[in-house]
Every structure is written in C-alpha cells, then in structure tokens.
Amino acid sequence: MAPDLSSPAKAPKLQARGVWKTFGHGTARTVALQDVDLDIADNAFVTLVGASGCGKSTLLRTLAGLEHRSAGDLRCDGQPIDGPGRERAMVFQHYSLYPWLNVLDNIRFSRQLATHTRDRTDADVEAASGRADALLRLMGLAHVARAYPSQLSGGMQQRVAIARALMSRPQVLLMDEPFGALDAQTREVMHDLILHVHRLERTTIVFVTHDVEEALYLGHQVVLMAPRPGRIDSIHPVPLPALRTQDMKLAPAFTALKRTLLERIRATSGMQTDTELLARLSRAGSIDLAR
C-alpha cells in the first residue's frame, strides 16, 4: 500500500542536530555537550535527567539562547536559535523575583515594559491586565496578589516565577530544576500544578531535574544524559496516562522504569552502590568504624 502523503508529519517544535558546547581553550577546554541530536514535539513535556556534569542545564540554556552552541544546528519551529526569543521562556531554580514589586507587579513586569513602546494601544494594556489576573487564579495566587516576595514561602515564590514566565504566552517553557529547593510535600503540589498548567496552556515544556521520580511523573518522555562529555545516552517514553495522580508512582510500570533509569545513570556515571563490596572492605579492616 502506498504511503499517505496527504498529512505530512509535523515538524518538531525544538530540534538539535550535532550540537556541541565547549568552554575554555587549549588544555583548559571542557566539552560540556557532545554531538547532541534531539527532537521535541509541539505540546510535549520532556524531562532531562542524569548525573551531575552531564550537561542538562547547559543544553537547556542553549535551547533558551542564553548560551551559544559551539557547533551544530539548533532550531525552534524551523528557525535558528541564536539568542533569547519571546517564543521561549525560562524558569530557574532560584526565583529571581523583584523584591520591591508585589506579586501582581512581578507577574506583569515584562508586559509593562512592552506597553511603554509606541505601537502599544489601550487594548494591549487591558489584555495584559486580564492575562495577569488569569495567571493569578491559575497559579492559586489571587489571595496574595499584593504581597511581596519576602512574605511568601518558597513554593509561592516559584509559582510567581512560573506565572511571570507564562505572561507573554511563550510557546516553549524551559525549566531548570525549578522545584529543587522545595520540601517533598510542596514539590508534589507543584508537580500537579505544572501538569495542570501544561494541559491548559498547551505549552511545550523542557524540564531539567536530578530526581528520576520527578522526571517520570512529569514527562511524556525522559531524556537520559551521560557525563564526561555531556551527551544523550537514551530516550525513554513514559507509559502513563496524560492525567496523572500521585498514586501512579506506586504502579509496577512506574517503579520498573524508575529502576531502569537509576541503573543506567549509575552505569554512565561510574557511581558504585555495591553494599557487598563495602561489607568486604569493612571486614578486611580497610574501614575501621570503631575509631
């Protein structure tokens, strides 16, 4: 049967081909990314995971245009990524809120800058105000709209940072360990919140984490990276329904994939967790815990 050419495959939202990133020169040269090939579909939620030094954050910053690639091709909607763009927004682990602005003003800060340009109309200003109010409700921040960052918990501050990133309706949201500094209970709340945001906003999300369970729970696809030099080791689809609940973390398919990823991270990084070896060393007197 002849292939159906009436509906061509949709081009990826983000595409990397042969991307390298190096820092320094000569003997001080470090290869942070080596020959990275990656396609990320529109409206996908992709998580990047791996041991320290595998280039997760460097790849994310390169996608954001905050770092310039040393070689290769990097595109968003088919257009080269040569710097930051309005179609891509970044959320960092550290919230970087303006302490002199309240929650509402932090969220709408970038649009306030835009409304001061000559080609902006009253309708643009009104639309920006409506967008800020909608994001306040979406992120559960309406009751603290007039509070200042110093008055908020870490989870609340990160909600403000996410809302601010979404203010300009970016097509791509890049998140660099945004929940790394939060306690376990707050992280779970933020996981369900960002999945809710993803369903409503239909934004492509690329999310860096060192937590395998977090990567699996959030991602449609997990990209496992290996260190020295940073590179893509393997890509794993996540066989979970789009609508997720915390109970899914106990499902056999979830725990099996988590075990597979952890074993692969250990293998690629050279980390050892051999308790038998530790016991033998202790018995041989190499480790004297009585001293």
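Laboratory data are not the source of any read-out in this text; all were calculated from the coordinates shown. Note that the structure is predicted; figures quoted are calculated from it, not measured. Quick reminder, even Gly has a Cβ in these numbers, built from the backbone with ideal geometry, and neighbours come from all protein chains shown.
Compared with the direct C-alpha span, the chain from Asp82 to Leu262 gains 61.4 nm at full extension, assuming 0.36 nm per residue. The distance separating the Cα centre of segment 37-79 from that of segment 224-244 comes to 13 Å. Counting charges near Ala41 (Lys, Arg +1; Asp, Glu -1) among other residues having Cβ under 11 Å from its Cβ returns a value of 0. Using the Cβ-Cβ distance between Lys10 and Leu200 with R0 = 22 Å, the FRET efficiency computed as 1/(1 + (r/R0)^6) comes to roughly 0.55.
Counting neighbouring Cβ atoms within 10 Å and putting the fewest first, the residues Arg146, Arg231, Arg266, Arg108 line up as Arg146, Arg266, Arg231, Arg108.
Straight-distance candidates among the lysines for linking to Lys258, with alpha-carbon spacing under 19 Å and chain neighbours fewer than 8 residues away dropped: Lys56, Lys249.
Only lysines eight or more places from Lys10 in sequence, or on another chain, were considered; none has a Cα closer than 20 Å. Compared with the direct C-alpha span, the chain from Ala253 to Arg29 gains 76.5 nm at full extension, assuming 0.36 nm per residue.
Shown for Lys10, Lys21, Lys56, Lys249: other C-beta atoms within 10 Å of each C-beta, ranked fewest to most, produce the order Lys10, Lys249, Lys21, Lys56.
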